[in-house]
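Visitor: Before anything else, here's the structure in question.
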Amino acid sequence: MSTPLTPGAAKKSLGQHFLFDPNVLKRVATAGGSVDGKTVIEVGPGPGGLTRALLDSGVGKLIAVELDDRFAEGLSRWPEAREGRLHVHHGDALKANIPALIEQTGGTSPAMIVANLPYNVGTPMLVEWLKAGANSEKQWRGTMVLMFQKEVALRICAAPDEDHYGRLAVLSQAVTRPRLAITLPPGAFRPPPKVDSAVVVLEPLGAADRFPHLDALEKVTAAAFGQRRKMLRAALKSLPGAVEALEASGIDPTRRAETLTQAEFRTLTVAWQKK
Ligand code: SAM
């Protein structure tokens, strides 16, 4: 059923590390809860192990976005593609218009995103999808189930004062509730990566709880964590208006970025936008 592939044929430049164990694939496919009848976006299906697990778990419409022609062509020949339950989009997920794909294929929103992401572009993809769900009335992006290097997964889920806490935790937790669901050793993949991997489930926050100004929060966190060992009043000098915003928001300027809570970053960002 899946595209034949020898481990030697994996392309390093596309971050290709494949999963073939059906038990592991089933756990990843359902880590975010039931996918039955839902529309799911899978980025980087590769030879299709996770694609198969998602289809077998009852996904209603599966939109698979793959850059490597070998896999895009192979998956297009699956019976589910002919029947219309699987739609293969051959292209770069960073450039794909996902809401348009959902509409064109008759999918429903919000759609889940389930993916074993290429390590080299996993973080920019996540940031884009976080922004997609920040403030639109009609959300196209629902729960995300994403595999990263374990280090990145820890950075997404970290709390203030923890080693991994930084920009990625603040941005992720502004619009979702992330949790680390599955950890996998290098040997679970072919070819094996150098480090452990982990699946993070990111549940979207409701409209009342999510922070809509993600572009501004991205700038504030980039400045604040750019020099994370410095006091905030020094670190924020790189962003015009941010030191004044810090004073206006009543946050002790001698604190360091890694001690600020989600609520304090929101207060600081709102104050910065007024400057
Ligand atoms: N889902 C498969 C699995 O779990 O075995 C493959 C995962 S592999 C880590 C990442 C996949 O993403 C590869 O198939 C690779 O070709 C694809 N890929 C890499 N960059 C991409 C991009 N910018 N857009 C779409 N797919 C991409």
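Visitor: About its Cα centre, what dipole magnitude does the chain give when the only charges are +1 on Lys and Arg Cβ and -1 on Asp and Glu Cβ, stated in debye to the nearest 20?
Guide: 440
Visitor: Would you mind checking which residues have amide H under 5 Å from A111's amide H? H placed 1.01 Å from N; only 5 or more apart, or other chain.
Guide: Under 5 Å from the amide H of A111 lie the amide H atoms of R141, G142, each far enough along the sequence or on another chain.
Visitor: Can you give the net charge of the other residues whose Cβ lies under 15 Å from the Cβ of R82, counting K and R as +1 and D and E as -1?
Guide: That works out to 0.
Visitor: Now for a separate question. Which whole-Hz couplings ³J(HN,Hα) result when phi for each residue of the range 123-133 is put into the Karplus expression 6.51 cos²θ - 1.76 cosθ + 1.60, θ = phi - 60°, listed in order with x for Gly and Pro?
Guide: 5, x, 5, 4, 4, 4, 6, 4, 5, 4, x
Visitor: Further, regarding this structure: Sort the range 190-261 into rounded, prolate or oblate with this rule: let a ≥ b ≥ c be the square roots of the eigenvalues of the Cα gyration tensor; rounded if a/c is under 1.5, and if a/c is not under 1.5, prolate when a/b is larger than b/c, oblate otherwise.
Guide: Because a/c hits 1.5 or more and a/b fails to exceed b/c, the range 190-261 counts as oblate.
Visitor: While we're on this one: Please list, ordered by chain and number, the residues whose modelled amide H lies under 5 Å from the amide H of T176; skip anything fewer than 5 residues away on the same chain.
Guide: Under 5 Å from the amide H of T176 lie the amide H atoms of L205, each far enough along the sequence or on another chain.
Visitor: For the range 238-247, in order, what is each residue's ³J(HN,Hα) by Karplus, 6.51 cos²θ - 1.76 cosθ + 1.60 with θ = phi - 60°, in whole Hz (x at glycine and Pro)?
Guide: Whole-Hz 3J(HN,Hα) from phi for the range 238-247: 6, 10, x, x, 6, 5, 5, 5, 4, 4.
Visitor: Next question, about the same structure. T183: net charge of surrounding residues, Cβ under 10 Å, Lys/Arg +1, Asp/Glu -1, itself excluded?
Guide: 0
Visitor: HN-Hα J couplings of the range 198-215 from phi, Karplus 6.51/-1.76/1.60, θ = phi - 60°, integer Hz, Gly and Pro as x?
Guide: 8, 9, 10, 9, 10, 8, x, 6, x, 3, 6, 9, 7, 9, x, 9, 6, 4
Visitor: Skipping prolines and chain starts, which residues have an amide H placed within reach, meaning under 5 Å, of the one on I182, given they are 5 or more residues away or on another chain?
Guide: V199
Visitor: Related question: Counting helices only, and only those DSSP H runs with n ≥ 4, report the 222 nm mean residue ellipticity of the chain as the sum of -39,500 (n - 2.57) divided by its residues, in deg cm²/dmol to the nearest 500.
Guide: So the calculated ellipticity at 222 nm is -10000 deg cm²/dmol.
Visitor: Report the Cα centroid-to-centroid distance between the range 85-102 and the range 199-236 in angstrom, as an integer.
Guide: 28
Every number here is computed from the coordinates shown, using simple stated rules; none is lab data. Predicted, not measured: the structure shown is a model, and the values here were computed from it. Every residue, glycine as well, gets a Cβ built from its backbone with ideal geometry; the counts of neighbours run over all protein chains shown.
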